1. Quick one: of the DSSP bridges fully inside the chain, what percent are antiparallel, nearest 5?
2. Rounded to a whole number, what % of the accessible area of the chain do carbon and sulfur atoms account for, probe 1.4 Å?
3. Report the extension gain between ALA276 and ALA18 in nm, rounded to one decimal, defined as 0.36 nm multiplied by the number of residues separating them, less their alpha carbon distance.
4. Peptides 146-155, 250-259: what's the order by average Cβ count within 10 Å, highest mean first?
5. Subtracting the Cα-Cα distance from 0.36 nm times the residue separation, let me have the gained length for ARG421 to ALA31 in nm, one decimal.
6. Considering Cα pairs under 8 angstrom that are at least six residues apart, work out the relative contact order of the range 99-237 and quote it in whole percent.
7. Fully extended, how many nm does the chain gain between ALA403 and ARG81 (0.36 nm per residue separation, minus their Cα-Cα distance)?
8. Just how far, in whole angstrom, is the range 418-439 from the range 16-33 if you go by their alpha carbon centroids?
Amino acid sequence: MTQYWCELAWLGGATVEAGVLIEVGEDRIGAVTANLPEPPAGAERLAGLTLPGLTNAHSHAFQRALRGRTQAGAGSFWSWRGQMYALAETLDPDRNLSLARATFGEMALAGVTTVGEFHYLHHGPGGVPYSDPNEMGRAVIAAAGEVGIRLTLIDACYLEGGIGTPPEGAQRRFCDADAEAWAARVEALANGTSLRIAAAIHSVRAVPPAAARVVAGWAAGKACPLHAHVSEQPAENEACLTAYQRTPTQLLAEAGAVSSQFTAVHAIHLAEADFARLGEARAFCCLCPTTERDLADGIAPARRLRDAGARLSLGTDSNAFIDLLEEARAVELDERLITNQRGGHSPVDLLRAATADGAESLGWPGGGRIETGALADLVVVGLDSPRLAGTGAAEALAAAVFAASAADVRHVMVSGRWIVRDGAHLTLDVRAELARATASLMPA
Ligand SMILES: [Zn+2]
């Protein structure tokens, strides 16, 4: 056992604890003892506030290359999507690997210890499969391994360009022939120590109801998480209502997709009955506020979702911005703007979404907690930056959520191994990786 004595640590309660000894075995936490005024002999002292590892429950790593290149213009989600497709057309497995490695590296520096990569860029140009049809997914898996970050590869079934329309252009690279072909391809991927394979229905735009039922059945058979983009844009709802006389949530529920293993990504434009559908199932709703504001999607009704019984998780989605603490506070602060009310979500609620609930939504139950037997994933936030200087124990939790940033992350541990010390990745030059991976990727 290696011993770490934390000045302050959040153990899941309403306040932080002082003088917390965390004993780490192979890859799990062996013991946690609070209220030790001094570090025992042989224990390493960790200054600042120690949190459980942060969980990024929804990412498309390759979209990191769009940062700064698509945000200044006018348009909507749909015009942005055209730019994203243009990028997707330029990627091959090598570029996908380097982009994912750089993006996961940036996440590691921001305290993310577990990422859910919602993976839909499967095949080669024109939709022709690579000789290993999972080559693009294996590039993502290799990238996570090189960074040392825990990964859930959420492989997305994608079959249509829009409801009832064939895929065109870049979309052909996303598509399998049918849901059975999707399942057969994903069957060839296996869980590992730091890897989970999960399923996704890309959206009701891309997967018809009968195929959604096949994917939901596959996920249920594997007892693995099932994710879907849900009601990100009003136009998706309108198309779904026109074609099927049902909301996207209703359609997915009738296909057997909505359960306690299900994550509705975005869940912004919901009908009244959708709240009960998601809440009664104890489903997760993954909010991605920095992407949602960038793409003019809207503000998710997070408080109503929680009140209905749904659990919240957080994602950096397009990776235009990578800071889980910003995603967490945005859930509360964005809602303040439209409700004229403060305090719908406590710092503890927001941190739980960023840690334990996110981990569970990605198939790591018991992750994202500092307790005996939990995965030894830790993040140490320094409290001495200009943003946080003067923060004491009483306000440390609120300060971490409302004022800290990714730049305050000092040390990051995954499975008992440090991957980031003093703000630097131990094996990767993340800045150089990002510069190399994103340079000249975007078509002019
Ligand atoms: Zn997404």
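1. Details: 27 of 65 bridges.
Here the antiparallel bridges make up roughly 40 percent for the chain.
2. Details: 8330 of 16030 Å².
Carbon with sulfur: 52 percent of the solvent-accessible area.
3. Values: separation 258, 0.36 × 258 = 92.88 nm, distance 4.00 nm.
Using 0.36 nm per residue and subtracting the Cα-Cα distance, I get 88.9 nm.
4. Working: 146-155: 24.9, 250-259: 21.8.
The most tightly packed comes first, giving 146-155, 250-259.
5. Values: separation 390, 0.36 × 390 = 140.40 nm, distance 2.25 nm.
Full extension of this stretch gives 138.2 nm more.
6. Numbers: 227 pairs, mean separation 33.8, N = 139.
After rounding, I find 24 percent.
7. Details: separation 322, 0.36 × 322 = 115.92 nm, distance 3.18 nm.
This chain segment gains 112.7 nm when fully extended.
8. Going from one Cα centre to the other spans 27 Å.
The values are calculated or read from the model by the stated rules, or taken from the named source; none is laboratory data. Quick caveat, the model's predicted, so the values are computed rather than measured. Using ideal geometry, Cβ is built from the backbone for each residue, glycine included, and neighbour counts are taken over all protein chains shown. These area figures cover heavy atoms from the full protein model, side chains too; ligands, DNA and RNA do not enter into them. Shrake-Rupley method; radii C 1.70, N 1.55, O 1.52, S 1.80 Å.
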